[in-house]
Structure formats: C-alpha cells, structure tokens
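The values are calculated or read from the model by the stated rules, or taken from the named source; none is laboratory data. Here the structure is a predicted model, which means the values were calculated and not measured. Note: ideal-geometry Cβ built from the backbone for every residue, glycine included; neighbour counts use all protein chains shown.
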DNA sequence: TATTGTTATACTCTATAACTATA
DNA sequence: TATAGTTATAGAGTATAACAATA
C-alpha cells in the first residue's frame, strides 16, 4: 500500500502519458486513426470474433465499436459475416487487405517506439509492459467486483459486455 | 534494445491504457473535466506561470491551453493577471477557490487509485511511476534534441513552444 | 421480455489557422 | 517582423439513448 503522495505523482504521469499517445498517433495514416488501428490489432492478435467480444476487449461501448468497425469495413479491411448460431450477431474478421494494413501499421509504430526507447534496456521495456498489463487488470477486476487476490483470467466471461443497457 | 514483439506488446498496453484513463475520468465532476483538472494540478504543483509555460507542461497547443484556462477562470478557480515585464503575456495563478477545488479532486482520484491498486506493493507503484516518467522524458527529448535521422533543428530553442506557427 | 448491433446526438480533447496586441 | 494569447472551425473518441431484428 502506497502513500497519498505516491498516488498523486502516479496520477500526474497518467495525465502526461496522453502526450505520448498523441505523438504515436501522429504517424498513423489519416484513413486509419487510433480507434481503427486498435480494432485491427485485436483482430490480428485474437482472430475473428463477435462485435460484443470486440467491444469488451476495447473496453468501450458497443456503439463505439460499431462505428470503428463500419469505418474499417468501408475500406475493405474487414468483413462482418452473419453468425450461424445467432442471427442477431455478426462475426468480424480481417480481410487479406486488412492484414496487410495491420502489418504496415505494426511496422511503423514499432519503428517509432524503437527510436524513442533506443536507450531503454530490454528489461525496462519488459517491466513497463508488465506493470501496465497489471494496471489494466487491476482496473478491470474491480469493475467486475472480483476479490483482490485471485486475478481470474481477465476477460474470461464471454458474456460480459460494456454496452449501453437496453431501455427497460 | 528490445525486440519487435516486445514493442508490439507494449503498444497494445498503451492502447489498453485509455480504458484506465476513462475510468479515472468518470469520477470527475462535469464542471471540471480532465483537461481542467490537469491545469489545476500543474498550477498546484509548480505555482503561477505564463500561458506558454503551461502549454509546454501540458504538451498541448496554446490554443488548447487557452480554452482550458478560460473555462477555469469563468468558474473563479484561477486568475490571469498581466505580466508586468511583457504586456502580451498573462500570468495564471490559482485562486483560494481553485486550490480548494484541487484538494477535492486530488482527494477523490487518490482514493480511487488506492482502491484499484490496493494489492500493489509500494515498490511496484513507485516503479510504474518511474518508468512512465522516463517514458515521457524519452519522447520529450527526442522531440527537441535527438536527431533520429535528419530532422531540421526545429524547436531546439529553450523557449520553444507547441503553439501554432504565426502566419507569415 | 431480453439481447445484438446500428444510428443519432452530444460532449471533451485536440490541432490548424486567422486575428489582436504587443515586442 | 516576430511573439503571446484568443477565438473559430474541424476532426477524433466516447457515452447515452432510441431503434430494428432476433432470441
């Protein structure tokens, strides 16, 4: 358990981090802003999935996901095929074109990171990655009200969503 | 120097971090969104300063800073007094009301962080803070000094700002 | 009646550019 | 001519709510 001053300092760094995000976002092509890039990345890593699952992984409302996906679909980078098991659902998957786009993005962002972190040790990069992963998990867990010890496999519940509640 | 896969993983965590930011932003009162909170925090930490200095610390364009500051001034949380040494400039400083507001914000965000990071060790919190500070520095440095390849020596001047260039 | 996904609307943050008042 | 700050405009991301189709 840390002291208040430590949390305040951490908050300041959280706030300052947005400058880093903006800098990384500047190298993105105008037809593929950060929201779109995030979708491509998740599909590349986890493969085809339902809209609801995608929204969950993005931690945004499904309405937001829907917009991002529509944007990418218009450009031919992904397809939305009907889910045979549930006609309300759609399965989102990358097209070959989308995969190529993802490769390009990954290439350029990786290169920028490598430049900026040129004097970071391998271990430091790994440690920052680990701590940010843990940070995300800490926020996700408490959002679902899980006991503060046993970190259940994050995002394990396939039914959990972040969508807008239906009007009752 | 890390490998490409490590940078890709780090990028994913950068992307996921926005969910943490949004969660922290949700507890902010509607009359004091994150941009305003950042200004209050900087003034609380570094004291009164010029608009240009504030923009630099925020790493945003001065036009953005101007809007945030105007928002806060309307609510009586800060004042903009003329700079005696340069009549074009204005010195921004917290009012007692603004200081009180800052205390409230700090209190609530600190508490939320303490809850979410309840099972983090003191050392881990410090380490994450350190690495994020270093991250910001790595990006700031390369923006000013380090010539990665052959970028023109723009912004090398210590007075450099992030403002929109004047129309020539 | 509840859920999946889409769309309309609104709000915040940001950058660019034009403008003013000083330097 | 250049700089400090303001304002207008536009673009991106997000949430809420209302809606259609299906479960």
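When both residues are 6+ apart or on different chains and their Cβ atoms are under 6 Å apart, which pairs have a first residue that lies in region A:106-129 and is more than 7 Å from every other protein chain (Cβ to nearest Cβ), and a second that is not in a helix (DSSP H, G or I)?
A:108/A:27; A:112/A:27
Going through region A:4-25 one residue at a time, which ones are more than 8 Å from chain B (Cβ to nearest Cβ) and modelled with pLDDT under 95?
Scanning region A:4-25 gives a single hit, A:5.
Just checking: which of the helices (runs of 4 or more DSSP H) contained wholly in region A:17-107 hold 1 or more residues that are within 11 Å of DNA strand C (Cβ to nearest atom) and surrounded by fewer than 16 Cβ atoms within 10 Å (Cβ to Cβ)?
A:62-74
Could you please find all residues in region B:56-77 being near DNA strand D (Cβ under 8 Å from one of its atoms), under 14 Å from residue B:93 (Cα atoms) and in contact with a helix residue (DSSP H, G or I) (Cβ under 9 Å, 6 or more places away or on another chain)?
B:65, B:66, B:69
Residues being surrounded by fewer than 17 Cβ atoms within 10 Å (Cβ to Cβ), touching a helix residue (DSSP H, G or I) at 6+ places or on another chain (Cβ under 9 Å) and in a helix (DSSP H, G or I): count how many of those fall in region A:108-123.
Total meeting the criteria: 3.
Can you tell me which residue in region A:31-77 is nearest to the other protein chains (Cβ to nearest Cβ), limited to those that are farther than 19 Å from residue A:109 by Cβ and touching a strand residue (DSSP E or B) at 6+ places or on another chain (Cβ under 7 Å)?
In this case the residue turns out to be A:54.
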